[in-house]
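Chemist: Before anything else, here's the structure in question.
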Amino acid sequence: QAQLVESGGGLVQAGGSLRLSCAASGSIDLFNAMAWYRQAPGKHRELVAYIASSGTTNDADSVRGRFTISRDIAKNTLFLQMNSLKPEDTAVYYCNAGTLLVLGYRNLEVWGQGTLVTVSS
């Protein structure tokens, strides 16, 4: 069974940057893609960005040009570099393991505990 542990959240002013990390362990090789999701208060959880084992990436329109997903394969670690943060980026950010299909990313219900990002105006 795979385990995911996020870190790096915190309080930052608008325009600032944060880097989230997700340490993966266990049966992570079963998944050919990983992603970051976020859930703001009172809203549904949404896909922020994903990266496939091939290196292919994609991200949501709302973060394009500001957030970058990457990974360190040797360390089994997933990253999310977040720049030019806005108050609307405030949310709990979750690491997820899944698969990349023809129609896009599909999460396989393997989640970390989440890390809170708060962006003040």
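Chemist: For a quick check of your reading of the filter: which trypsin sites (Lys or Arg not before Pro) in segment 1-90 sit in a DSSP loop and have no more than 11 other Cβ atoms within 10 Å? Please list the in-between numbers first.
Modeler: Numbers: sites: ARG19, ARG38, LYS43, ARG45, ARG64, ARG66, ARG71, LYS75; in loops: LYS43, ARG45, ARG64, ARG66, LYS75.
Loop-located and lightly packed - LYS43, ARG64, LYS75.
Chemist: Something else: So, how do all the Cα-to-Cα distances of segment 61-121 break down into 10 Å bins, in percent, from 0 on up?
Modeler: Distribution as computed: 18, 46, 33, 4 percent.
Chemist: Then there's this: Need one number: nm distance between label points at ALA74 and GLN1, each 7 Å from Cα along Cα→Cβ, rounded to one decimal.
Modeler: The two pseudo-label positions are separated by 3.1 nm.
Chemist: Would you mind estimating how fast the chain diffuses translationally, via Stokes-Einstein at 25 °C and 0.890 mPa s with the Kirkwood radius over Cα pairs, in µm²/s?
Modeler: 173
Chemist: For the pair LEU101 and GLN13, what calculated FRET efficiency results from E = 1/(1 + (r/R0)^6), where r is the Cβ-Cβ distance and R0 = 41 Å, to the nearest 0.05? Could you put the intermediate results ahead of the total?
Modeler: Values: r = 38 Å, r/R0 = 0.94.
Result of the calculation: an efficiency of 0.60.
Chemist: Using Cα centres only, tell me the gap between segment 1-36 and segment 53-121 in whole Å.
Modeler: Each part reduced to its Cα centre gives a spacing of 7 Å.
Chemist: Could you do me a favour and compute the accessible area per residue for the chain, 1.4 Å probe, result in Å²?
Modeler: On the way: 6490 Å² over 121 residues.
Accessible area per residue: 54 Å².
Chemist: Restricting to DSSP loop positions (anything but H, G, I, E, B) with no more than 12 other Cβ atoms inside 10 Å of their own Cβ, which GluC sites (Glu not before Pro) remain in segment 1-108? If you can, show how the numbers build up before the last one.
Modeler: Numbers: sites: GLU6, GLU46, GLU88; in loops: none.
Passing sites in segment 1-108 do not exist.
The values are calculated or read from the model by the stated rules, or taken from the named source; none is laboratory data. Predicted model, so just to flag it, every value in this text is computed and none were measured. Using ideal geometry, Cβ is built from the backbone for each residue, glycine included, and neighbour counts are taken over all protein chains shown. SASA here: full protein model, heavy atoms, side chains in, ligands and nucleic acids out. Shrake-Rupley method; radii C 1.70, N 1.55, O 1.52, S 1.80 Å.
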